[in-house]
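Here's the structure we're looking at; comments come further down.
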Amino acid sequence: MSVFDFFYILIPALFFYSPPLIFTALGGVFSERSGVVNIALEGLMIIGACAAVIFNLSFADVFGEATPWLALLVAIIVGGLFSLLHAVASISLRADQVVSGMALNMLALGGCMYLIKKLYNAGQSPNITTPFAKNSIPGLEDIPFIGPIVFKDFYWTFWLSIAVAVLVWVIIYKTSFGLRLRAVGEHPMAADTAGVNVARIRYIAVTLSGMLGALGGAVFAQTITSNFYHGTIAGQGFIALAAMIFGKWHPLGALGAALFFGLAQSLGVIGSFLPGIKEISPFILEILPYVLTILALAGFIGRADAPAALGTPYIKGKR
């Protein structure tokens, strides 16, 4: 196999599997930078995937090729609203944030499966008929070596995820809102003394986290699985959580880590076509992302610089 053939198989697969993890990991960055642990990323992806599939199946005949994009918008709205449950429990009621997140994970899966069974009288939805279409950029796809690999037969969702990662970096590190967000996550009492509304900033951050997590789930369902059932997400939210921690709660770090985990996932599908990897058992390649998740958390969580107030409810006036 030539070098071109190797990358022609590897890079498109990376572009295919990474966007859901990138969106969801960036959502986790928003929430945890504000000091709120968000174990509910899995549930948010489930909610987003379910909402997108139901909308796509219901309105494909009405909106045509625009349907998957509109389904993303619907998923974003639903995810934002669903994340308010976590915000109320964690911020207003000061509940244990890990317990709240896990409760939302179970609620999302149970609620979505109940809805799917009611709507389609089955344990899974039908396959969507209007998924995202592959695209090529005329002119750029003809560039020797790079063109066919990067600019031919790709999904726009990948480049959207890269753009969103850069936007999140700008918001967190180059705006006054980002400064307040980081201050609330590091020292909420000092931020409160400076006039920052800690609860409001955390509510906004958790809502943004829900919107991006649901966006990741919607992209996953409309590009990779094309339907919704109990195993559609299957731990993707926890892999995104690991990517966020592996990336040290930094948007660009989370982007790089999500690409790494996306590559690990793609090997389970394309490994049989790659020299040196095809000799490895496909079962090992399939569990590789989850093993890497455990190793990443075990090896880096102790050295990662988490926000100082992460997981600690803020009680105004308490020292």
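The values are calculated or read from the model by the stated rules, or taken from the named source; none is laboratory data. Computed from a predicted model, the values in this text were never measured in an experiment. Cβ: placed from backbone, ideal geometry, glycine included. Neighbour counts: every protein chain shown. These area figures cover heavy atoms from the full protein model, side chains too; ligands, DNA and RNA do not enter into them. Shrake-Rupley method; radii C 1.70, N 1.55, O 1.52, S 1.80 Å.
Tabulated results
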read-out	value
Exposure ranking of Y17, Y290 by accessible area [1.4 Å probe, largest first]	Y290, Y17
Integer Hz, Karplus 6.51/-1.76/1.60 couplings in order for the range 280-287, x for Gly and Pro	7, 4, x, 5, 5, 5, 5, 8
Protein accessible area in the chain, 1.4 Å probe - carbon and sulfur %	69
Farthest positive-ward along the chain dipole, Cα basis, beta-carbon charges - from N56, G268, L26	L26
K134/R200 FRET efficiency (R0 51 Å; Cβ-Cβ; nearest 0.05)	0.75
Shape of the range 1-152, Cα gyration tensor, a/c cut at 1.5	oblate
Residue of L285, L181, L215 that the Gaussian network model of the chain assigns the largest fluctuation, springs spanning Cα pairs under 10 Å	L285
Gyration tensor (alpha-carbon) shape descriptor, the range 128-268, a/c threshold 1.5	prolate
Computed accessible area, L84, all protein chains, 1.4 angstrom probe, square angstrom	60
Ranked packing of 228-236, 98-106, most packed first, by mean Cβ within 10 Å	228-236, 98-106
Counting all C-alpha pairs of the range 1-89, share separated by more than 16 Å (%)	64
Overall form of the range 111-211 per C-alpha gyration tensor (a/c, 1.5; a/b vs b/c)	oblate
Among F63, F15, F246, residue whose mean-square fluctuation peaks in a GNM of the chain (springs only between Cα atoms under 10 Å)	F63
Heavy-atom accessible area per residue - the chain, 1.4 Å, Å²	45
Net charge dipole size for the chain [Lys, Arg +1 and Asp, Glu -1 on Cβ; Debye, nearest 20]	1160
Gap separating the Cα centres of the range 186-225 and the range 130-158, nearest whole Å	32
